[in-house]
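Below is one structure, written out as structure tokens; comments come after it.
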Amino acid sequence: MSTKPFTDGTNHWYHIKDKTNIVNPVENQPQYAETDYAKIADNILLFQRNNGGWPKNYDMKAILTPKQIDTVIKTKPILHTTFDNETTYTHVNYLAQVYTLTKEEKYKNGALKGIDFILEAQYSNGGWPQYFPLEKGYSRHITFNDGAYMGIMNLLKKIVINDPDFTFIDTKTRKKVTESYEKGLDCILKMQITDNGKLTAWCQQHDEITLLPAWARKFEPPSICNAESVDVVLFLMAIDKPNEKIIKSVQSAVKWFNDSKIYNTRVESFKAPEMDSKYKKITNDVRVVTDSTAPPIWTRYYELGTHKPLFSDRNSELLYSLAEVSRERRSGYAWYTDKPEKVLKKYPAWQKKWDSGNDVLK
């Protein structure tokens, strides 16, 4: 069993300062081997809070000290729980796998409690917030960023299709999960951005009431977000016997990815004088160079209306080149992406199978 799904949270715990952490790593924190799956699952249960969800940014493989364990236990009543940074749905999935192997009830119970948390967190329109219970600010928005929404949907799909690791789910729970999944799928289709009269892709965050693109962090503006949209499209492409709405959604997103390609452009990181930011020590910088041999690339954001490549900074100013972004954000955020290429490569086979008379790339 892989702990790769926890990589994002693990990296944050070890490498990014955060005063809100329950516990911080000790020097040379020991870790369980990947094969110690029951001990890793016990860690997952340790971090699970009383409401069934999890806090983010901890190493599930860490061999915790007695003091760390005691501190984590004391925080179980706290309701600051999230889907951000691949949290909660990954924990549920891991517990289900360990239960399948061990048949130990505690892992099944932890997974079921996590599933109930996910169902409770869903908005009536089908979307999910970043944090639940709801908190103030942008975390109330429906969130595609960092895989939150699609991570939940992929987990629910496993239950819906009766994946071998989820055969323990009872009929009543499976029915509730199926209804949640269908609502989630419908919400995805409703959030796809129509801009200049054309259906395009999605934003990182959508307003939880209007479903329109919304601001999140100060450098994450309402826009068409290619990086986050890729996982959405791959999910839709994997649906067997897609209906007309899903086919139209995929076709429109594929056309958008193809039309928004950027050519002759390469992004390179290079060593630069060391500087300390509020968040971490920075030893590199990033620049955009012209390269006629470079494969197509995309910016993470495209401006609504103009479809210009878009950037921003911690002051929320809208910028139109990476060079204008401060060094801390320029080097600390993925402003460019090659992810849409995954969709474009899969498209011919999908199109031939499900919509053979309409190749939007021709």
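The values are calculated or read from the model by the stated rules, or taken from the named source; none is laboratory data. Owing to the predicted nature of the structure, the values given are computational and were not obtained by experimental measurement. Neighbour counts run over all protein chains shown; Cβ positions are idealised from the backbone, glycine included. Side chains included, ligands, DNA and RNA excluded: accessible areas come from the protein's heavy atoms. Shrake-Rupley method; radii C 1.70, N 1.55, O 1.52, S 1.80 Å.
Of all the listed residues (Lys245, Lys241), the sole one being in a loop (DSSP other than H, G, I, E, B) and out of contact with any Ser or Thr (no Cβ under 7 Å at 6 or more places or on another chain) is Lys241. Any residue in the range 330-343 that is more than 14 Å from Met237 (Cβ to Cβ) and of a type in the set (Asp, Glu) sitting within a Cβ distance under 8 Å of a residue that is open to solvent by less than 30 Å² (accessible area, probe 1.4 Å) and modelled with pLDDT of 95 or more? List the pairs, counting only those 6 or more apart or interchain. From the range 330-343, the pairs are Asp338/Ile297; Asp338/Trp298. Scanning the range 286-303 for residues that are among the charged types (D, E, K, R) and more than 25 Å from the chain's Cα centre (by Cα) yields Arg287, Asp291.
Tell me, which residue of the range 80-111 that is open to solvent by 40 Å² or more (accessible area, probe 1.4 Å) and assigned to a helix (DSSP H, G or I) is nearest to Lys61 (Cα to Cα)?
The extreme case among them is Gln97.
Can you tell me which of (1) within 21 Å of Ala227 (Cβ to Cβ); (2) modelled with pLDDT of 95 or more is the one Tyr279 doesn't meet? Only one criterion in (1) within 21 Å of Ala227 (Cβ to Cβ); (2) modelled with pLDDT of 95 or more is unmet by Tyr279, namely (2). The set of residues from the range 2-37 being crowded, with 16+ Cβ neighbours inside 10 Å and in contact (Cβ under 8 Å) with a residue 60 or more places away in the chain comprises Thr3, Pro5, Phe6, Asp8, Gly9, His12, Tyr37.
Filter the range 198-222 for residues that are among the aliphatic types (A, V, I, L, M), closer than 18 Å to His307 by Cα and assigned to a loop (DSSP other than H, G, I, E, B) and give the result. Even if it seems obvious, please write down each step before you answer.
Start the filter on the range 198-222 by keeping residues that are among the aliphatic types (A, V, I, L, M), which leaves 199, 201, 209, 211-212, 214, 216.
Adding the requirement that they be closer than 18 Å to His307 by Cα leaves 199, 201, 212, 214.
Of everything in the range 198-222, those that are among the aliphatic types (A, V, I, L, M), closer than 18 Å to His307 by Cα and assigned to a loop (DSSP other than H, G, I, E, B) turn out to be Ala201, Leu212, Ala214.
Note down all Cβ pairs under 9 Å where the first residue falls in the range 169-183 and is assigned by the TED database to the domain that holds Gly110 and touching a residue at least 60 places away in the same chain (Cβ under 8 Å), the second is open to solvent by 70 Å² or more (accessible area, probe 1.4 Å) and outside any helix (DSSP H, G or I), and they're at least six residues apart or on different chains. Going by the 9 Å Cβ cut-off, the qualifying pairs are Lys183/Ser124.
Yes/no per residue for (1) more than 30 Å from Lys241 (Cβ to Cβ); (2) within 26 Å of the chain's Cα centre (by Cα):
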site: Ser269; (1), (2): yes, yes
site: Asp313; (1), (2): yes, yes
site: Arg329; (1), (2): yes, yes
site: Lys339; (1), (2): no, yes
site: Lys352; (1), (2): no, no
site: Gly357; (1), (2): no, no
site: Lys362; (1), (2): no, no
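Of all residues in the range 218-235, exactly one satisfies the criterion of being farther than 30 Å from Ser326 by Cβ and surrounded by 21 or more Cβ atoms within 10 Å (Cβ to Cβ), namely Val233. Identify, please: which residue in the range 128-172 is in contact with a Pro (Cβ under 8 Å, 6 or more places away or on another chain) and among the hydroxyl-bearing types (Ser, Thr, Tyr) and is, among those, farthest from Leu211 (Cα to Cα)? The extreme case among them is Ser139. Residues in the range 122-149 that are part of a helix (DSSP H, G or I) and buried (at least 23 other Cβ atoms within 10 Å of the Cβ): Ala148, Tyr149. All conditions in (1) open to solvent by 80 Å² or more (accessible area, probe 1.4 Å); (2) within 16 Å of Ser312 (Cα to Cα); (3) among the aliphatic types (A, V, I, L, M) hold for Ala214, with the sole exception of (1).
Residues in the range 308-359 that are touching a Lys or Arg at 6+ places or on another chain (Cβ under 6 Å), open to solvent by less than 30 Å² (accessible area, probe 1.4 Å) and part of a loop (DSSP other than H, G, I, E, B): Asp313, Trp335.
Taken over the range 251-274, the residue count meeting the criterion of being farther than 30 Å from Lys346 by Cα and touching a helix residue (DSSP H, G or I) at 6+ places or on another chain (Cβ under 7 Å) is 0.
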